[in-house]
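Chemist: What follows is a structure written as structure tokens; I'll ask about it next.
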Amino acid sequence: MQTITAKFGGTSLADADSFRHVAEIVRQHADRRYVVVSAPGKRNGKDHKITDMLLMCYQLASHQLRFEDVFAIIRARFEEIHRGLGLRQALGPVLDEIEQNIRGGASCDYCASRGEHVSGLLLAEYLGWPFVDSAQMIRFGGGRLDDKATYRLIRQHLSGVERAVIPGYYGQDGEGNIVTFSRGGSDITGALVARGVEAGLYENWTDVSGFLMADPAIVPDPRPIRSITYKELRELSYMGAQVLHEEAVFPVREAGIPIHIKNTQRPEDPGTLIVPQQTEKKATIVTGIAGRKDFRVISVEKARLREESDFLRKLISVFESNEVPIENMPSSIDSISVIVSQAAIQNKEKKILEEIRIYCQPDALTSMPSMALVAVVGQGMNHETGVAARVFGALARQGVNIRMISQGSSEMNILVGVENKDFERTVMAIYDTFVQGEKE
Ligand code: ASP
């Protein structure tokens, strides 16, 4: 028997019916022993997430404004779930205590965390499993997660506990204050619990059937990704593909525990399996295509710049001192381009250009806006002959002008820079070449 840690997101726990459905999934597999829950999410497009409403309560209360009307909506939603599930343990006192604490000036993190807390209590009672509070296990110190203490506490509190429901998103610091992760952080709790109990699998149940090969807003009905390595996922998420909280990958990756992304509404779908190494032969050499718009390219030209051993350091330190992260640095013999996100350089551009002129003394300096970056990702891709040629051929046939090319040393991505206006066409053309091309 292996141990599965299963995390369920907010849309999977939005009302009593979804709680029932989650319980059914949990019971289907005896290995699903530790269940981590989010706070109830939206039931439809116009609805509110419980966490958003709790944060609203905090905001109002901290400005000495009435928060009770918003809290009444939260109360009604939890009561509806409680009633719908036919639970018996009194919920009133739990909600009363939270309301009182908010009135008494409870911290923002405490308020935000209560959705997961109550959600966990309700599911635990419905399943008839113990509720183990994350405040006892997830430890923060100096504003950061203390992972060593956390794993120790998880082992301490869960060893000998056959099954448990655990609230996601929060923990506690050494002084007993509740501390939350950033939004979407229940994914991290799930990963920490999986690692702490040495699970064989971390299941992450959400509202999509895993990762898709490309953004469905650009490519109609893209193929799902059945399996992907942690490294490939990192490249794709960095370029914009989001399903999982970015920090959720690290704890399980270190221990080689696979993550299975599954759709609560369509449990029969295979989902995406995130693995340390690719073992299956993939249908396409490319695993996924993702990208982002709105980068700026700052090009520095200087004859024989390579003979100045401190040139690169001076150039990089200008961006460092202005706190602008560098996304990429393609170069030629007498020029170097620095690619940064438009949002990061906004309001600082004039100063940065001025400092480059002073410290680097370039022959020419230009700054070009509106570049989009598209990453073509696939493990082992750079060992295969002709992959780059297919990418460039596809773009040439579409009349897309390539402004930059970079083939990472990670051996699994090709990055192309194109005009913002060509972004969608680029993604589409690359997708068609690799997916349609390989069907034939
Ligand atoms: N409920 C929190 C949020 O809405 C955390 C989570 O769902 O992971 O961000």
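Since every read-out is calculated from the coordinates, none of them should be taken as a lab result. Quick caveat: nothing in here was measured; it's all calculated off a predicted structure. Methodologically, a virtual Cβ is constructed for each residue, glycine included, from the backbone with ideal geometry; neighbour enumeration extends over all protein chains shown.
Chemist: With respect to the cross-link table entries K42/K262; K302/K421; K231/K262, which display a Cα-Cα separation exceeding 26 Å?
Modeler: In this structure, K302/K421 lie more than 26 Å apart at Cα.
Chemist: Another question, if that's okay. Within the stretch 12-84, list the trypsin sites (Lys or Arg not before Pro) lying in a DSSP loop whose Cβ has at most 13 other Cβ atoms in a 10 Å radius.
Modeler: Within the stretch 12-84, the qualifying trypsin sites (Lys or Arg not before Pro) (loop, at most 13 other Cβ atoms within 10 Å) are K46, R66.
Chemist: Determine the shape class of the chain: with a ≥ b ≥ c the square roots of the Cα gyration tensor eigenvalues, call it rounded for a/c under 1.5, and otherwise prolate if a/b is greater than b/c, oblate otherwise.
Modeler: Cα axes put the chain in the prolate bin.
Chemist: Relative to the longest principal Cα axis of the chain, at what angle does helix 16-28 sit, 0 to 90 degrees, rounded to 10?
Modeler: Between helix and principal axis, roughly 80 degrees.
Chemist: For the stretch 259-403, with the dipole built from +1 on Lys and Arg beta-carbon atoms and -1 on Asp and Glu ones, taken about the Cα centre, which of P325, I358, M371 lies farthest toward the positive end?
Modeler: Projecting each Cα onto the dipole axis, the largest value belongs to M371.
Chemist: Sticking with this one: Run the simple label-point estimate for N328 and I402 please: 7 Å along Cα→C-beta, distance reported in nm.
Modeler: So the two model labels end up 1.0 nm from each other.
Chemist: Mind checking the angle between helix 68-84 and the chain's longest principal axis? C-alpha axes, 0 to 90 degrees, to the nearest 10.
Modeler: Taking Cα atoms only, the helix is inclined about 70 degrees.
Chemist: While we're looking at this one, here's another question. Over the stretch 147-292, calculate the relative contact order: mean separation of alpha carbon pairs under 8 Å at least 6 apart, over the residue count, as a percent.
Modeler: 26
Chemist: Where does helix 147-158 land angle-wise versus the long Cα axis of the chain, in degrees 0 to 90, nearest 10?
Modeler: Tilt relative to the chain: about 30 degrees.
Chemist: Based on the Kirkwood radius over alpha-carbon pairs, what is the Stokes-Einstein translational diffusion coefficient of the stretch 192-231 at 37 °C with 0.692 mPa s viscosity, in µm²/s?
Modeler: Taking Rh from Cα pairs, D becomes 264 µm²/s.
Chemist: Using only the Cα atoms of the stretch 295-388, build the gyration tensor, take square roots of its eigenvalues as a ≥ b ≥ c, and label the shape rounded, prolate or oblate: rounded if a/c is under 1.5, else prolate if a/b is larger than b/c, else oblate.
Modeler: oblate
Chemist: Which loop-located trypsin sites (Lys or Arg not before Pro) does the stretch 173-255 contain, where loop means any DSSP state but H, G, I, E or B and the Cβ has at most 15 other Cβ atoms within 10 Å?
Modeler: R183, R226
Chemist: Turning to a different aspect of this structure: Over the stretch 91-183, what is the relative contact order in percent, taking alpha-carbon pairs closer than 8 angstrom and at least six residues apart?
Modeler: 32
Chemist: Before anything else, pin down the relative contact order of the chain: Cα pairs under 8 Å, at least 6 apart, normalised by residue count, whole percent.
Modeler: After rounding, I find 13 percent.
Chemist: Measuring from label point to label point, each 7 Å out along Cα→Cβ, what is the A388 to R152 span in nm?
Modeler: 5.0
Chemist: Helix-only estimate, please: 222 nm mean residue ellipticity of the chain, summing -39500 (n - 2.57) across DSSP H runs of length 4 or more and dividing by its residues, to the nearest 500.
Modeler: About -11000 deg cm²/dmol.
Chemist: Check each of the GluC sites (Glu not before Pro) in the stretch 276-308 and keep only those in coil by DSSP with at most 11 other C-beta atoms within 10 angstrom; list them in order. Let's see the in-between values first.
Modeler: On the way: sites: E280, E301, E307, E308; in loops: E280, E308.
The qualifying sites are E280.
Chemist: Have a look at V376, V324, V416 and tell me which one the Gaussian network model of the chain (Cα, springs below 10 Å) gives the largest fluctuation.
Modeler: V324
Chemist: Between K282 and Q28, what is the label-point separation in nm under the 7 Å Cα-to-beta-carbon projection?
Modeler: Reported label-point gap for Q28 and K282 is 2.7 nm.
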